[in-house]
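Please read the structure below before turning to the comments.
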Amino acid sequence: MGHEFAGEIVAVGPVANGWTAGDRACVNPNGDWCGTCAYCRAGDFNMCPGIWDTAVGLARDGGMAPFAAVPVKTLHRLPEGVSSV
Ligand SMILES: [Zn+2]
């Protein structure tokens with residue numbers, strides 16, 4: 001549960017793309033789109049049929065879990081001054 005959330009990164013995997021422990025982020029729960037289907041090619045990423053297999057807080061642990069492992073492409077940096085709670 002918890003498909004819309006923000007928090008602090010405590011660990012990163014081998015494909016961190018510049019993210020490090022301690023960074024603060026919010027998560028696009030439907031952000032793990034395929035990029036190749038007709039919807040994605042049209043820019044309608046929220047319609048990608050692939051997101052339902054990977055949706056954060058639906059198909060995998062989300063913000064109600066003690067920790068959530070999410071794809072890097074679902075992360076967005078929180079600016080200074082923006083609370084994560
Ligand atoms: Zn797609």
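Miscellaneous remarks
- Residue-averaged [θ]222 nm for the chain, counting only DSSP H segments that reach four residues, each worth -39500 (n - 2.57): -1500 deg cm²/dmol
- When you restrict to C-alpha pairs under 8 Å that are six or more residues apart and normalise by the size of the chain, the relative contact order lands at 39 percent.
- Each peptide in 22-28, 78-84 gets a packing score, the mean of other Cβ atoms within 10 Å over its residues, and the list from highest to lowest is 22-28, 78-84.
- The accessible surface of the chain, taken with every protein chain in place and a 1.4 Å probe, is 57 percent carbon and sulfur.
- Using the 1.4 Å probe convention, the accessible area of the chain works out to 65 Å² per residue with neighbouring protein chains retained.
- Among 54, 36, 74, the largest mean-square fluctuation in a Gaussian network model of the chain (Cα springs under 10 Å) belongs to 36.
- About its Cα centre, the dipole of the chain is roughly 140 debye, where the only charges are +1 on Lys and Arg Cβ and -1 on Asp and Glu Cβ.
- Over segment 14-85, equivalent-ellipsoid semi-axes from the Cα gyration tensor in Å: 23, 14, 12
- Applying a DSSP loop filter and a limit of 11 other Cβ atoms within 10 Å to the chymotrypsin sites (Phe, Trp or Tyr not before Pro) in the chain leaves 67.
- Stretchable slack from residue 84 to residue 10, in nm (0.36 nm times residue separation minus alpha-carbon distance): 25.2 nm
- Overall Cα dimensions of segment 23-63, principal axis frame, Å, largest first: 31, 21, 11
The values are calculated or read from the model by the stated rules, or taken from the named source; none is laboratory data. None of the values given here were measured: they were computed from a predicted structure. So basically every Cβ, Gly included, is an ideal-geometry build from the backbone, and we count neighbours across all protein chains shown. For accessibility, only protein heavy atoms count, side chains too; no ligands or nucleic acids. Shrake-Rupley method; radii C 1.70, N 1.55, O 1.52, S 1.80 Å.
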